[in-house]
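All remarks here apply to the structure that follows.
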Amino acid sequence: MANADTPRGFQPLRHLTGGTIRQNSYSIAPAYTTAIFKGDIVKLVAGGGIEIAAAGARSVGVFMGVEYTDPQGEQKFSKYWPGTAACTNIIATVCDDPHVTFAVQSAGSTVAADVGTLGDHVATTGSTITGQSANELNGTTGTAYAGFRVLGKIDQAGNAFGTNVNLEVQLVEHEYMPGNEATTPGV
């Protein structure tokens, strides 16, 4: 039976050291009008805020939600940032610990031999109904430097290696991992 094609972004799974999965707060610039969905990969920008990360860019973590004041002065709490201009007090929650692993669906066929190899995320638009990301891991993995390391297949009923397999991955192009330092965030 084929795996279901149900992309849902990156979901925190476990802490590699057995620790607690924690999240931190980051700002989003009021002028940033691109939607960010729960489970999207985000990067640091100058000034300490976040934006969507392109595949291949260093990242700070996974977007988990946002609170902001809308143009009518109403306080909102949401799974996704709608990218509405004129909002203020925008505070995003990000799972930014480099030792957290994530569950994600493969966009293509991933086999057992791909465990330990690297792949980038596939950024796609999420759902404004559920607020959930539709990001996936590129099904083509290899040994060249990329954003995520495949740690294995998620042990769940109906999940088999192949197309749309649910995987456990770790973010390796992480801003807070030694060796990823640069003078410009997110590059």
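The values are calculated or read from the model by the stated rules, or taken from the named source; none is laboratory data. What you see is a predicted model; the values in this text were computed from it and never measured. Methodologically, a virtual Cβ is constructed for each residue, glycine included, from the backbone with ideal geometry; neighbour enumeration extends over all protein chains shown. When the accessible area is computed, the model is the full protein with side chains, heavy atoms only, and any ligands, DNA or RNA have been set aside. Shrake-Rupley method; radii C 1.70, N 1.55, O 1.52, S 1.80 Å.
Give the number of residues within the stretch 42-53 that are open to solvent by less than 20 Å² (accessible area, probe 1.4 Å), touching a residue at least 40 places away in the same chain (Cβ under 8 Å) and in a loop (DSSP other than H, G, I, E, B).
Residues flagged as open to solvent by less than 20 Å² (accessible area, probe 1.4 Å), touching a residue at least 40 places away in the same chain (Cβ under 8 Å) and in a loop (DSSP other than H, G, I, E, B) within the stretch 42-53 amount to 1.
Filter the stretch 55-85 down to the residues that are under 22 Å from Ile129 (Cβ atoms), within 17 Å of the chain's Cα centre (by Cα) and in a strand (DSSP E or B) and list them by number.
Within the stretch 55-85, Val62, Phe63, Met64, Gly65, Val66, Ser78, Trp81 qualify.
Looking at (1) within 16 Å of the chain's Cα centre (by Cα); (2) surrounded by 17 or more Cβ atoms within 10 Å (Cβ to Cβ); (3) farther than 14 Å from Asp40 by Cα, find the lone condition where Tyr176 falls short.
(2)
Just give me the residues in the stretch 1-40 being closer than 28 Å to Ala85 by Cβ, within 18 Å of the chain's Cα centre (by Cα) and loosely packed, with under 15 Cβ neighbours inside 10 Å, in sequence order.
Listed by number, the residues that qualify are Asn24, Ser25, Thr34.
Out of Gly162, Gly139, I need the residue that is more than 24 Å from Ala54 (Cα to Cα), at pLDDT below 95 and open to solvent by less than 20 Å² (accessible area, probe 1.4 Å). Which one?
Exactly one of Gly162, Gly139 is more than 24 Å from Ala54 (Cα to Cα), at pLDDT below 95 and open to solvent by less than 20 Å² (accessible area, probe 1.4 Å), namely Gly162.
Residue-by-condition table, conditions (1) under 27 Å from Phe77 (Cβ atoms); (2) open to solvent by less than 20 Å² (accessible area, probe 1.4 Å); (3) not in a loop (DSSP other than H, G, I, E, B):
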| position | (1), (2), (3) |
| --- | --- |
| Ala103 | yes, yes, yes |
| Ala113 | no, no, yes |
| Gly116 | no, no, no |
| Ser127 | yes, no, no |
| Ala144 | no, no, no |
| Arg149 | no, no, yes |
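Looking at (1) free of Cβ contacts under 8 Å to residues at least 40 places away in the same chain; (2) on the phi > 0 side of the Ramachandran plot, which one does Gly56 not meet, given that it meets all the others?
(1)
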